[in-house]
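The values are calculated or read from the model by the stated rules, or taken from the named source; none is laboratory data. The structure displayed is predicted, hence computed values, not measured ones. So basically every Cβ, Gly included, is an ideal-geometry build from the backbone, and we count neighbours across all protein chains shown.
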């Protein structure tokens, strides 16, 4: 089983949106028995809370489930249990790397690094910007490329 973890600051806006979008793509590709998807935050402010209302509204508009999603904080164990840990911005990546006691098992990358036209860009936090549509567009594009890379890296055809 290939395990993918999306990470943002509080695990209520960007990373749960990425989890839902990516899980849907994995299911549509018939790969749910090969790829597991989760999300977490680098901070502890929203542990146990459902996704932000703006994320829920966007996911409902798209017909994507966020059932059972609750905010949680990334742990040292996640660095060993997940194969891919995908941060939404450079600050998330720095915080993820601080958790590493040794070289982690996971491939740690920023989501936008999968987008060739703007690999240095961060996914902005809609908790502050309110722009959940922009965030969805970036996540949708980035997760397409992420799925392609995972399949290529692991010799999976879909």
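Summary of values
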{"quantity": "Helices (runs of 4 or more DSSP H) within the range 1-90 that include 1 or more residues out of contact with any helix residue (DSSP H, G or I) (no Cβ under 9 Å at 6 or more places or on another chain) and over 29 Å from residue 103 (Cα atoms)", "calculated": "14-28, 53-62"}
{"quantity": "Residue under evaluation residue 115, criteria (1) closer than 24 Å to residue 155 by Cβ; (2) modelled with pLDDT of 95 or more, criterion not met", "calculated": "(2)"}
{"quantity": "Test: residue in the range 80-90 that is out of contact with any strand residue (DSSP E or B) (no Cβ under 8 Å at 6 or more places or on another chain) and at negative phi", "calculated": "yes"}
{"quantity": "Residue tally, condition more than 19 Å from residue 149 (Cβ to Cβ) and surrounded by 13 or more Cβ atoms within 10 Å (Cβ to Cβ), over the range 99-119", "calculated": "2"}
{"quantity": "Matching residues, the range 104-154, being assigned to a loop (DSSP other than H, G, I, E, B), out of contact with any helix residue (DSSP H, G or I) (no Cβ under 8 Å at 6 or more places or on another chain) and either closer than 18 Å to residue 36 by Cβ or touching a residue at least 40 places away in the same chain (Cβ under 8 Å) (or both)", "calculated": "154"}
{"quantity": "Of all residues making up the range 1-50, the number that are within 18 Å of residue 144 (Cα to Cα) and in contact (Cβ under 8 Å) with a residue 60 or more places away in the chain", "calculated": "19"}
{"quantity": "Hey, residue 96 buried (at least 21 other Cβ atoms within 10 Å of the Cβ) and over 20 Å from residue 21 (Cα atoms) or not", "calculated": "yes"}
